[in-house]
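The values are calculated or read from the model by the stated rules, or taken from the named source; none is laboratory data. Note that this is a predicted model, so its numbers are computed, not measured. Every residue, glycine as well, gets a Cβ built from its backbone with ideal geometry; the counts of neighbours run over all protein chains shown. Protein only, heavy atoms only, side chains kept; ligands, DNA and RNA dropped before computing areas. Shrake-Rupley method; radii C 1.70, N 1.55, O 1.52, S 1.80 Å.
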Amino acid sequence: MIPQVSPGQFSSWRDSVTATANTPETPFTPVLLDVREPWEVQTACVSEDGFKLLTIPMREVPARLAELGPEQPIACICHHGMRSLQVANFLFQSGFTKVVNLQGGIDAWSQEVDPSVPRY
């Protein structure tokens with residue numbers, strides 16, 4: 001089962017994985033993987049803050065898997081959390097070990113973290 005992280009818990013998750021995942025030999029920056037379509041990202045997007053924002057539409061993830069590291073901490077996000085959960089499951093089944101789903105997606109992010117992010 002893929003762990004769920006609420007937007008309000010995201011910064012704690014980010015700080016935790018940064019503290020535990022980083023070593024001098026393998027430095028990792030947590031990734032927020034946005035799997036929404038380009039028009040959705042243009043409509044509402046989060047700002048990078050202690051993580052790398054990577055946007056790969058859900059349908060492109062299998063072909064672009066090499067852009068992600070299997071040991072890299074990855075939080076998946078979409079509009080409401082369903083597509084991102086599917087991608088998180090796919091990543092886990094593909095050998096990625098530090099994957100979580102951002103529960104409620106960008107919509108919940110707007111409500112819990114940053115009300116300047118438009119809701120749609």
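Values for this structure:
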{"read-out": "Selection from the range 70-85 of residues that are in a helix (DSSP H, G or I) and buried (at least 16 other Cβ atoms within 10 Å of the Cβ)", "value": "Arg83, Ser84, Leu85"}
{"read-out": "Qualifying residues in the range 55-69 (those that are open to solvent by less than 40 Å² (accessible area, probe 1.4 Å) and in contact with a Phe, Trp or Tyr (Cβ under 8 Å, 6 or more places away or on another chain)) - the one farthest from Trp39 (Cα to Cα)", "value": "Gly69"}
{"read-out": "Among the residues listed as Pro38, Pro30, Pro70, the single one being on the phi < 0 side of the Ramachandran plot and under 12 Å from the mean Cα position of the chain (by Cα)", "value": "Pro30"}
{"read-out": "Subset of the range 87-120 (residues that are among the small types (Gly, Ala, Ser) and outside any loop (DSSP other than H, G, I, E, B))", "value": "Ala88, Gly105, Ala108, Ser110"}
{"read-out": "The lone exception for Ala66 - which of (1) free of Cβ contacts under 8 Å to residues at least 24 places away in the same chain; (2) part of a loop (DSSP other than H, G, I, E, B) it fails", "value": "(2)"}
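Conditions tested, residue by residue: (1) at pLDDT 95 or above; (2) assigned to a loop (DSSP other than H, G, I, E, B).
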{"residue": "Met1", "(1), (2)": "no, yes"}
{"residue": "Phe10", "(1), (2)": "yes, no"}
{"residue": "Asp15", "(1), (2)": "no, no"}
{"residue": "Ala19", "(1), (2)": "no, no"}
{"residue": "Thr23", "(1), (2)": "no, yes"}
{"residue": "Pro27", "(1), (2)": "no, yes"}
{"residue": "Glu40", "(1), (2)": "yes, no"}
{"residue": "Asp49", "(1), (2)": "no, yes"}
{"residue": "Leu54", "(1), (2)": "yes, no"}
